[in-house]
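Below: the structure, in structure tokens.
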Amino acid sequence: MKRKLIAFDIDGTLLNSQKEALASTKKALEILRNNGHLVMVATGRSRFLAQPVLTELNFHNYIVCNGSAAFLDHKQVYKHLLDQDQLTAFVAEMDQLKIDTAFIGMDAMRRHSDFDVARMDEAMRSFGSHVPKQDANFKNQQEIYQALAYYDDTYEGFFDEKYPALRFVRWHEKCVDVIPENGSKAATIIHLGETLGIDRSDIITFGDGQNDKEMLAAAGVGVAMGNATADVKDVANFVTASNDEDGIFHALKEFALI
């Protein structure tokens, strides 16, 4: 069997509704590794936010910050930072609009403002996190891989042309990820495949959210979880059971990989 690159989103995919990994998922990952496949995480989380899952599920390979960084055997092999000039201008506009922002380094995260802490709290709690500490100087002192802007669809598409070096990817009804233009989980997965000599047809991706759509469409086989929204399922090649119903195990069984 040809070696596959198999990438999994975390929230809503590897983890069930209780933010836990199913026993069937753990078993499937073990079998894939024993069969020689490259098994990795592809998440919007930064490394420090993903670390508990990486440790529990024994991931040595991972893409974090929506594709802005990649690690193979825990060694960083890819970096794509945010454009500092455009980020500074964007944050100044957010301050004028009283929209909160936060900044994500590889191993720390800080918020820039506190206009609406309840809004930030709602978004962060959706994946089991919390409102980050405030530090207005953080973005000037750290390498910034990703930012968060806590706005709803009132501003959807509003900033795209103004900040062409930045890309805005919604993951919550009240928050978007701000990542480098041309950056995505999909682009980094394809880059790693090319680097490792794994053809796109041998790349399989699993996801459920808006920031997974590109990697589902770009892979040889994109698998949408049963709990994904209709538009995510529409771009996938295969729809499996939900993250509460052994969806990962069932799909891999269907593909004769376990």
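The values are calculated or read from the model by the stated rules, or taken from the named source; none is laboratory data. Computed from a prediction, not measured in an experiment: that's the story for all the values here. Here the Cβ positions follow ideal geometry from the backbone for every residue, glycine too, while neighbour counts run over all protein chains shown. With ligands, DNA and RNA removed, areas are computed over all heavy atoms of the protein, side chains included. Shrake-Rupley method; radii C 1.70, N 1.55, O 1.52, S 1.80 Å.
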Query raised in the report: If you line up the long axis of helix 47-56 against the longest principal axis of the chain, both from Cα atoms, how many degrees apart are they, to the nearest 10?
Result: 30
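Defining a contact as two alpha carbons under 8 Å apart and six or more residues distant in sequence, what relative contact order in percent does the chain show? Walk me through the numbers before you get to the answer.
Details: 531 pairs, mean separation 52.6, N = 258.
After rounding, I find 20 percent.
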Query raised in the report: Once the other residues with Cβ under 15 Å from the Cβ of PRO164 are scored (Lys, Arg +1; Asp, Glu -1), what is the net sum?
Result: -4
Query raised in the report: Pairing the Cα long axis of helix 84-97 with the longest principal axis of the chain, what angle in degrees results, from 0 to 90 and rounded to the nearest 10?
Result: 60
Report summary line: Each label sits 7 Å from Cα toward the beta-carbon; between GLU156 and ALA118 the label points are separated, in nm, by 2.4
Query raised in the report: Comparing ALA89, ALA187, ALA165, which has the greatest mean-square fluctuation in the GNM of the chain with Cα pairs linked when under 10 Å apart?
Result: ALA89
Query raised in the report: Roughly how many Å² of GLU214 are accessible to a 1.4 Å probe, to the nearest 10?
Result: 80
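Going down the table (LYS2/LYS27; LYS19/LYS133; LYS79/LYS213; LYS4/LYS253; LYS174/LYS233), which pairs top 19 Å between alpha carbons?
From LYS2/LYS27; LYS19/LYS133; LYS79/LYS213; LYS4/LYS253; LYS174/LYS233, over 19 Å: LYS2/LYS27; LYS19/LYS133; LYS79/LYS213; LYS174/LYS233.
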Query raised in the report: Quick one: length gained pulling GLN141 to HIS60 fully straight, 0.36 nm per residue minus the C-alpha distance?
Result: 26.4 nm
**Report entry** Cα pair distances of the chain binned at 5 Å [whole percent]
**Finding:** 1, 6, 14, 18, 20, 16, 11, 7, 4, 1, 0, 0
Requested in this report: Would you tell me the accessible area of LEU49, worked out with a 1.4 angstrom probe on the heavy atoms of the protein chains, in Å² to the nearest 10?
Outcome: 30
Query raised in the report: Of GLY209, GLY105, GLY157, which is the most mobile in a GNM of the chain whose springs link Cα atoms less than 10 angstrom apart?
Result: GLY157
Query raised in the report: How far, in degrees from 0 to 90, does helix 185-196 lean away from the longest principal axis of the Cα atoms of the chain, to the nearest 10?
Result: 50
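With a ≥ b ≥ c the root eigenvalues of the C-alpha gyration tensor of region 176-244, is it rounded (a/c under 1.5), prolate (a/b larger than b/c) or oblate?
Numbers: a/c = 2.48, a/b = 1.29, b/c = 1.93.
Oblate.
Using the per-residue mean of other Cβ atoms lying within 10 Å as a proxy for protection, in what order, highest first, do the peptides 59-67, 132-140 fall? Display every interim value, and only then the final one.
Values: 59-67: 25.6, 132-140: 15.0.
Descending packing order for the listed peptides: 59-67, 132-140.
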